Amino acid sequence: MNTDILEYRRKLKKKLSETRYEHSLSVAFTSVCLAMRYGYPLDKAEVAGLLHDCAKCYADSEFIHKCEKHGIFLSEDEKKAPAVLHAKYGAWMAREKYGIHDEEILSAIACHTTGKPDMGLLDKILYVADYIEVRRDKADNLAEMRRLAFIDIDEAVYQIVKGTLAYLNAKGSPIDTMTKNTFDDLEERRRKKHE
Ligand SMILES: [Fe+2]
Ligand SMILES: [Fe+2]
């Protein structure tokens, strides 16, 4: 058994609210299920899921200052969408505070709110697991995404990003460039696949 996991859990449980900790456990287990389905190392998927929201112990308003303090570059639109910053800062915390040096895990944590062009398998697993985990109950398309995630993870990522953009547009919320770039990349890949 990977005893590091138990240590990460102990630490996270102290830092996060009860509901955020429960969400983190659920994302870890869902990531493991997707890793089983798509042939990805289970231990890496579990760590990525468990730690993906490790920076959620801070308020959104704190991230810009924290990133500047630690020399983490932020684009102008990242600064305008502080809710996505916990992912970028979370990757920094995973490395510096939890001793994670696996680049695939750090990448998945860093892009779990926005995706990124050319997402790797763990990036996709975490992105989808964060959306479909068992405690989620708000999105209208949850049942469909839960089914699709285990049939075609690329299509699930595409549909979730598309839905997220539509939701943000409808609310008039700022949309960061990375989410737009992710969507353009996924559309292009989808178009080529169906040609
Ligand atoms: Fe998150
Ligand atoms: Fe999350």
√(5λ) per eigenvalue of the Cα gyration tensor, the chain, largest first, Å: 24, 21, 16
Separation between Cα centres of the range 127-180 and the range 1-71, rounded to whole Å: 19
Order of 138, 15 under a 10 Å beta carbon neighbour criterion, fewest first: 138, 15
Residue of 104, 18, 155 that the Gaussian network model of the chain assigns the largest fluctuation, springs spanning Cα pairs under 10 Å: 18
DSSP H segments from the chain that extend 24 Å or more along their own axis, Cα-based, with Kyte-Doolittle mean of -1.0 or above: 18-38, 153-171
Highest-fluctuation residue, 131, 89, 58 considered, GNM on the chain with Cα pairs under 10 Å: 58
Whole-number percent relative contact order across the range 3-194, with pairs defined as alpha carbons under 8 Å at least 6 apart: 21
Percentage of interatomic Cα-Cα distances in the range 1-56 larger than 12 Å: 61
Most mobile listed residue (145, 36, 119) in the chain, GNM with C-alpha springs under 10 Å: 36
Taking 118, 185, 60 and counting other C-beta atoms within 10 Å, the order from fewest to most: 118, 60, 185
Reachable lysines, given that their alpha-carbon falls under 19 Å from the alpha-carbon of residue 15 and they are not under 8 places away in the same chain: 56, 66, 88, 97
Charge context of residue 158, other residues only, Cβ under 12 angstrom, K/R +1, D/E -1: -1
Net charge, residue 2 excluded, C-beta distance under 13 Å - Lys, Arg +1, Asp, Glu -1: -3
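Every number in this text was worked out from the coordinates using simple rules, so none of it is lab data. Values in this document were obtained by computation on a predicted structure and should not be read as measured data. Please note: Cβ atoms are built from the backbone with ideal geometry, for glycine as well, and neighbour counts cover all protein chains shown.
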